[in-house]
Amino acid sequence: MSKVQRIGLFALISMLVVLVLVACGTNPNSSASSSSNAAENAGESSGADAGGTGTAGKKSHLNVALFWLGSSLDPVEEWNGWTLARAAIGETLIQFDEHMKMVPKLADKWERVDDTTWHFHIRDGVTFHNGNPVTADAVKKSIERSISLNERGQSTLPIASMTANGQDLTIKTTEPDASLLGNIAEPLFIIVDTSADTSKFKSEPIATGPFMVTGYIPDQEIKVKKYEGYWGGAADLDTMTLKYIKDDSTRALALQSGEIDVASNIGRSSMSLFQDKTQYTIDEIPSLRTQFVWFNTTHPLLSDVKVRRAISYGIDREMYASTLVGGQAAKGPFTSALPFGYDKINGYHYEPAKAKQLLDEAGYKDTDGDGIREKDGKKLSLQLILNSAYESDSIVATAMQSQLKEIGVGLELTSYEDLTDHQKSGNYDLALTSINTGITGDPQYILDFYFKTGAEWNVGGYSNPKLDDIIQRLHSEFDVEKRYALAAEAQQIILDDAAYMFVTYTPINIVSKSNVKGATMYPIDFYLLDRNIKVEQ
């Protein structure tokens with residue numbers, strides 16, 4: 001793509017973004033408008049000023065926008081535990097800090113006794129939101145519930161037995177499991193009181209965090225209040241309403257209008273609205289989230305590795321990161337912030353000439369002059385599905401469509417509110433999305449779930465026995481440096497096979513009104529709020 005073409009492409013995309021923002025701002029039925037009354041009611045019912053400013057004699061309240069809300073509040077279902085972690089409702093035994101180091105949470109200490117035995121001491125004095133004590137036996141039953149009710153739990157914690165004695169919990173695994181600590185920090189294993197009525201956990205989970213649920217409307221909002229008996233000391237903030245505002249632009253407009261006080265993942269095109277430091281505070285950091293494209297390797301056109309490699313050479317990641325959406329051009333699944341071998345792998349650069357050569361070798365020629373190559377009468381035209389709510393995905397998809405046409409590949413863009421069903425059914429050619437690839441602070445989890453043959457989220461049908469062997473070796477390799485070397489080897493196999501196309505490493509942010517304190521962004525984005533969130537009086 002020439003410099004002039006790049007400028008033209010950027011101008012076109014920028015204009016589209018502005019039109020989207022204008023449309024969202026003028027639509028009386030947008031979620032920003034339709035939920036304003038609910039925000040005011042929430043403030044009045046808690047005795048707070050609108051906008052969460054709080055005054056003497058009134059309880060402090062905040063309205064917070066969530067960019068994702070699970071199917072319910074029961075942490076054992078799907079990925080719902082992430083919502084509880086972000087809302088400071090639930091906690092795990094171990095947590096990651098802002099430097100991605102494991103720190104104590106409900107377990108105040110732990111040790112590996114041998115390759116298959118782990119010992120945890122459960123913090124004294126912790127209680128559930130109903131006042132029941134958190135003992136080792138309560139933790140054991142909560143973990144057992146996660147394992148029995150979620151397929152992900154069964155594969156991430158290969159537990160042979162658990163023994164509880166007072167505050168001491170001993171876990172024995174069926175095989176050496178070097179990633180156990182990171183896996184048990186995943187919000188699927190948020191500790192809940194299984195002695196309570198668990199059938200109510202979809203809307204009223206009984207956990208241990210600094211805030212407890214007081215109300216829940218599926219797909220709309222969660223209401224919480226501070227838990228006075230919190231083991232770390234009661235929060236200063238009295239109540240919160242956590243609103244589900246999926247669309248990036250609508251979330252930004254809601255913050256600008258005062259409907260909400262805190263929002264995460266504000267789109268890049270909207271960040272200019274919040275540069276006044278007297279009104280807003282921005283905390284933006286590099287994330288562990290990778291934007292990438294799934295190839296459906298079972299598709300006739302994409303089963304040829306040369307076609308996949310050509311597409312991978314046909315997009316300009318550097319331009320996307322530097323000009324369009326921010327962040328860093330991606331090389332492999334793991335960002336440079338993670339020590340998993342980023343500097344040891346070779347990825348794809350923008351080389352349209354090489355892309356064209358590969359397509360020539362694969363037998364694709366533009367014989368009819370329409371700009372799209374064909375082979376045996378079949379056009380090299382593909383469908384890319386993406387999430388309609390994510391601004392950065394829409395911008396990148398539009399740029400990809402333009403650049404791939406230059407090498408003779410047609411790309412049709414189709415947006416959905418949720419890609420899950422389409423991906424899991426295999427009903428797609430390419431799918432653009434992003435995942436947090438560092439959620440356990442270890443490479444094994446992501447490799448196990450996205451790249452291993454037959455894995456739960458290997459929805460592109462990719463398979464390489466050599467890769468499977470390396471992933472299996474990670475399970476029993478406890479030496480950290482050797483684990484990282486194996487991770488680098490695994491990534492290079494994935495790149496050589498062009499099984500996925502890694503696009504950008506996206507930055508993440510949290511933006512709040514200037515009178516809100518304690519709104520801090522973590523590299524792992526299943527953390528958002530904690531007991532330190534408060535409103536300055």
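The values are calculated or read from the model by the stated rules, or taken from the named source; none is laboratory data. Nothing here was measured: the structure is a model prediction, and the numbers come from that model. For neighbour counting, all protein chains shown are included, and Cβ atoms are generated from backbone atoms with ideal geometry for every residue, glycine included. Accessible surface areas use protein heavy atoms only, side chains included; no ligands, DNA or RNA. Shrake-Rupley method; radii C 1.70, N 1.55, O 1.52, S 1.80 Å.
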### Task
May I ask you to say which residue of 283, 247, 236 is in contact (Cβ under 8 Å) with a residue 24 or more places away in the chain, open to solvent by 10 Å² or more (accessible area, probe 1.4 Å) and either in contact with an Asp or Glu (Cβ under 9 Å, 6 or more places away or on another chain) or under 27 Å from residue 415 (Cβ atoms) (or both)?
247
### Query
Could you list, in sequence order, the residues of segment 270-280 that are open to solvent by 40 Å² or more (accessible area, probe 1.4 Å), under 14 Å from residue 514 (Cα atoms) and not β-branched (Val, Ile, Thr)?
273, 275, 276, 277, 279
### Task
Out of the residues in segment 371-383 that are assigned to a strand (DSSP E or B) and open to solvent by 50 Å² or more (accessible area, probe 1.4 Å), state the one that is nearest to residue 321 (Cα to Cα).
381
### Residue satisfying all of: in segment 495-525; buried (at least 21 other Cβ atoms within 10 Å of the Cβ) and β-branched (Val, Ile, Thr); nearest to the chain's Cα centre (by Cα) among these
524
### Query
Name the pairs whose Cβ atoms lie under 7 Å apart, with the first residue in segment 120-147 and farther than 11 Å from residue 166 by Cα, the second crowded, with 21+ Cβ neighbours inside 10 Å and aromatic (Phe, Trp, Tyr), and 6 or more positions between them or separate chains?
129/227; 143/189; 146/189
### Query
Just to be sure, is residue 217 touching a residue at least 60 places away in the same chain (Cβ under 8 Å), out of contact with any Pro (no Cβ under 9 Å at 6 or more places or on another chain), open to solvent by 20 Å² or more (accessible area, probe 1.4 Å) and β-branched (Val, Ile, Thr)?
no
### Message
When the residues of segment 455-494 are narrowed to those that are of a type in the set (Ser, Thr, Tyr) and assigned to a helix (DSSP H, G or I), which ends up surrounded by the fewest Cβ atoms within 10 Å (Cβ to Cβ)?
### Response
476
### Message
What pairs come out if I take residues in segment 74-88 that are at negative phi and aromatic (Phe, Trp, Tyr) and pair them with residues that are part of a helix (DSSP H, G or I) and open to solvent by less than 10 Å² (accessible area, probe 1.4 Å) whose C-beta lies under 8 Å away, six or more apart or interchain?
### Response
79/187; 79/188; 82/187
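Rundown of residues vs (1) of a type in the set (A, V, I, L, M, F, W, C); (2) part of a strand (DSSP E or B); (3) closer than 21 Å to residue 317 by Cβ; (4) in contact with a strand residue (DSSP E or B) (Cβ under 7 Å, 6 or more places away or on another chain), yes/no style:
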site	(1), (2), (3), (4)
355	yes, no, yes, no
358	yes, no, yes, no
369	no, no, no, no
385	yes, yes, yes, yes
403	no, no, yes, no
408	no, no, yes, no
432	yes, yes, yes, yes
### Matching option when the condition is buried (at least 23 other Cβ atoms within 10 Å of the Cβ) and in contact (Cβ under 8 Å) with a residue 40 or more places away in the chain, among 173, 156, 194, 198
156
### Message
Testing residue 379 on (1) under 27 Å from residue 451 (Cβ atoms); (2) touching a residue at least 24 places away in the same chain (Cβ under 8 Å), one condition comes back false. Which one is that?
### Response
(1)
### Query
Which of the residues spanning segment 421-460 are among the small types (Gly, Ala, Ser) and within 18 Å of residue 502 (Cβ to Cβ)?
431, 434, 438, 455, 460
### Task
Determine whether segment 121-128 contains at least one residue that is over 21 Å from residue 179 (Cβ atoms), open to solvent by 20 Å² or more (accessible area, probe 1.4 Å) and among the β-branched types (Val, Ile, Thr).
yes
## Note on the structure
If we ask which residues in segment 201-214 are over 28 Å from residue 154 (Cα atoms) and touching a residue at least 40 places away in the same chain (Cβ under 8 Å), their number turns out to be 2
### Query
Residues 110, 79: which one is out of contact with any strand residue (DSSP E or B) (no Cβ under 6 Å at 6 or more places or on another chain), at pLDDT 85 or above and either surrounded by fewer than 23 Cβ atoms within 10 Å (Cβ to Cβ) or in a loop (DSSP other than H, G, I, E, B) (or both)?
79
#### Entry: Per-region count, segment 273-320, residues within 30 Å of residue 521 (Cα to Cα) and assigned to a helix (DSSP H, G or I)
6
### Query
Within segment 445-454, is even one residue of a type outside the set (A, V, I, L, M), assigned to a helix (DSSP H, G or I) and open to solvent by 40 Å² or more (accessible area, probe 1.4 Å)?
no
### Task
Hey, could you check segment 161-180 for residues that are of a type in the set (A, V, I, L, M, F, W, C) and touching a Leu at 6+ places or on another chain (Cβ under 9 Å) and say which is farthest from residue 106 (Cα to Cα)?
178
### Task
Kindly check whether there is at least one residue in segment 262-269 that is modelled with pLDDT under 95, open to solvent by 10 Å² or more (accessible area, probe 1.4 Å), in a strand (DSSP E or B) and under 30 Å from residue 99 (Cβ atoms).
no
### Residue count, segment 341-353 (criterion: surrounded by fewer than 17 Cβ atoms within 10 Å (Cβ to Cβ) and not in a helix (DSSP H, G or I))
4
### Task
Look through segment 309-356, keep the residues that are under 19 Å from the mean Cα position of the chain (by Cα) and among the polar types (S, T, N, Q), and return whichever of them is nearest to residue 290 (Cα to Cα).
335
### Query
Would you pick out the residues in segment 297-330 that are open to solvent by 10 Å² or more (accessible area, probe 1.4 Å) and touching an Asp or Glu at 6+ places or on another chain (Cβ under 7 Å)?
299, 305, 306, 313, 329
### Task
Would you be able to say whether some residue in segment 411-434 is farther than 24 Å from residue 451 by Cα, open to solvent by 70 Å² or more (accessible area, probe 1.4 Å), touching a residue at least 24 places away in the same chain (Cβ under 8 Å) and among the acidic types (Asp, Glu)?
yes
